[in-house]
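For reference, the structure I am asking about is given below.
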Amino acid sequence: MKDLGKCHKKLQKHLDKERYEHTLGVMYTAAALAMAYHYDMDKAMTAGLLHDCAKNVPNEKKLELCKKHHIEVTETEHENPVLLHAKVGAYLAKKKYDVEDEEILHAIKVHTTGEPGMNTLDMILFIADYIEPGRDKAQNLKQIREMAFQSLERTVEQILYDTLHYLNERSGRIDPTTELTYEYFKNRREEQDEYNK
Ligand code: DGI
Ligand code: FE
Ligand code: FE
């Protein structure tokens, strides 16, 4: 990102006040996680700042953008186009906010459902989105905030576990990727536990 200042102004125009504040929370939380895990802070902050840039794009428009720009829409995303703010966000970050860094774009793309094999930046953004200071609704937040600074992988697993439970209770349609990602991290942990026995 060439000019983060310009980026802030533009985002403020496209997001409502609450969403913009959430975005700043994610940006600074991603920076803190980057410090803890020796990751590039600028990249973490840019990903945090822009991750929800498509959140206020109406569903119809999101679907239209996907069609026009050949972005694949899964069946679950068709039924629940809110999920698309991640993929469309990655597209807008590139086209409208001039982000060229593929790692940043990828982290934005997978920030809602996760993805098996997520890398460090993917995990930093995924976790920061969940624990930023403005969040207060999710269960186990206190414990997850503490865990976030001990292990990225375990924290991602815990967040996915809680999200799947939350969606199950509310009979929210679960994206298969969310489930696959949870299984991926659960299996990895079990393999590591087995190895360390
Ligand atoms: O955009 P944010 O609200 O900051 O956070 P987000 O991009 O993680 O989106 C959170 C919402 O996404 C939350 O209400 C749970 C929902 N979500 C995550 N995984 C799935 C899902 N919703 C459905 N229907 N299916 C999923 O697998
Ligand atoms: Fe989001
Ligand atoms: Fe978010």
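Is it true that some residue in segment 20-34 is in a loop (DSSP other than H, G, I, E, B) and either among the hydrophobic types (A, V, I, L, M, F, W, C) or over 20 Å from Tyr91 (Cβ atoms) (or both)?
No - not one qualifying residue is present in segment 20-34.
For segment 76-90, how many residues meet the condition of being more than 8 Å from ligand 1 (Cβ to nearest atom) and touching a helix residue (DSSP H, G or I) at 6+ places or on another chain (Cβ under 7 Å)?
The qualifying residues number 7.
Quick one: which residue in Leu121, Leu160 is touching a Phe, Trp or Tyr at 6+ places or on another chain (Cβ under 6 Å), in contact (Cβ under 8 Å) with a residue 40 or more places away in the chain, of a type in the set (A, V, I, L, M, F, W, C) and part of a helix (DSSP H, G or I)? Walk me through how you get there before you give the answer.
On the way: Leu121 fails: touching a Phe, Trp or Tyr at 6+ places or on another chain (Cβ under 6 Å).
Testing whether each residue is touching a Phe, Trp or Tyr at 6+ places or on another chain (Cβ under 6 Å), in contact (Cβ under 8 Å) with a residue 40 or more places away in the chain, of a type in the set (A, V, I, L, M, F, W, C) and part of a helix (DSSP H, G or I) leaves just Leu160.
Check Val73 against each of (1) among the hydrophobic types (A, V, I, L, M, F, W, C); (2) open to solvent by 30 Å² or more (accessible area, probe 1.4 Å); (3) closer than 18 Å to Glu132 by Cβ and name the one condition it does not meet.
(3)
For Gln143, state whether it is surrounded by fewer than 16 Cβ atoms within 10 Å (Cβ to Cβ) and more than 14 Å from ligand 1 (Cβ to nearest atom). Show your work before the answer.
Values: surrounded by fewer than 16 Cβ atoms within 10 Å (Cβ to Cβ): yes; more than 14 Å from ligand 1 (Cβ to nearest atom): yes.
In short, yes.
Being open to solvent by 20 Å² or more (accessible area, probe 1.4 Å), within 15 Å of ligand 2 (Cβ to nearest atom), within 14 Å of the chain's Cα centre (by Cα) and on the phi < 0 side of the Ramachandran plot is the requirement here; does Thr120 meet it?
In short, no.
Now for a separate question. Could you list, in sequence order, all residues of segment 35-70 that are in a helix (DSSP H, G or I), basic (Lys, Arg) and in contact (Cβ under 8 Å) with a residue 12 or more places away in the chain?
If we filter segment 35-70 for residues that are in a helix (DSSP H, G or I), which is where we start, we get 35-36, 41-50, 59-68.
Retained after the next criterion (residues that are basic (Lys, Arg)): 43, 61-62, 67-68.
Listed by number, the residues that qualify are Lys43, Lys62.
For segment 2-27, what are the residues that are in contact with an Asp or Glu (Cβ under 7 Å, 6 or more places away or on another chain) and open to solvent by 100 Å² or more (accessible area, probe 1.4 Å)?
Lys2 - this is the single residue of segment 2-27 that is in contact with an Asp or Glu (Cβ under 7 Å, 6 or more places away or on another chain) and open to solvent by 100 Å² or more (accessible area, probe 1.4 Å).
Hey, among Lys67, Lys62, which residue is open to solvent by less than 80 Å² (accessible area, probe 1.4 Å), among the basic types (Lys, Arg) and more than 12 Å from ligand 1 (Cβ to nearest atom)?
Of Lys67, Lys62, the one residue that is open to solvent by less than 80 Å² (accessible area, probe 1.4 Å), among the basic types (Lys, Arg) and more than 12 Å from ligand 1 (Cβ to nearest atom) is Lys62.
Taking segment 165-181 as the search range and keeping residues that are in contact with an Asp or Glu (Cβ under 7 Å, 6 or more places away or on another chain) and modelled with pLDDT of 95 or more, which one is least open to solvent (accessible area, probe 1.4 Å)?
It comes out as Thr181.
Still on this structure, please answer the following. Could you check segment 85-101 and list, in sequence order, the residues that are touching a residue at least 40 places away in the same chain (Cβ under 8 Å), open to solvent by 50 Å² or more (accessible area, probe 1.4 Å) and out of contact with any Lys or Arg (no Cβ under 7 Å at 6 or more places or on another chain)?
Lys96
Here's another thing I want to ask about it. When segment 141-197 is examined, which residues are found to be small (Gly, Ala, Ser) and on the phi < 0 side of the Ramachandran plot?
If the condition is that a residue be small (Gly, Ala, Ser) and on the phi < 0 side of the Ramachandran plot, then Ala148, Ser151, Gly172 are the ones that fit.
How many of the residues making up segment 173-197 are closer than 18 Å to Phe126 by Cβ and either hydrophobic (A, V, I, L, M, F, W, C) or not in a helix (DSSP H, G or I) (or both)?
Residues meeting the conditions: 4.
What residue, of Val73, Val82, is more than 16 Å from ligand 2 (Cβ to nearest atom) and either free of Cβ contacts under 8 Å to residues at least 12 places away in the same chain or under 25 Å from Leu167 (Cα atoms) (or both)? It would help to see each step written out before you state the result.
On the way: Val82 fails: more than 16 Å from ligand 2 (Cβ to nearest atom).
Being more than 16 Å from ligand 2 (Cβ to nearest atom) and either free of Cβ contacts under 8 Å to residues at least 12 places away in the same chain or under 25 Å from Leu167 (Cα atoms) (or both) holds for just one of Val73, Val82, which is Val73.
The values are calculated or read from the model by the stated rules, or taken from the named source; none is laboratory data. What you see is a predicted model; the values in this text were computed from it and never measured. Using ideal geometry, Cβ is built from the backbone for each residue, glycine included, and neighbour counts are taken over all protein chains shown. Accessible surface is based on the protein model in full, side chains and every heavy atom, while ligands, DNA and RNA are left aside. Shrake-Rupley method; radii C 1.70, N 1.55, O 1.52, S 1.80 Å.
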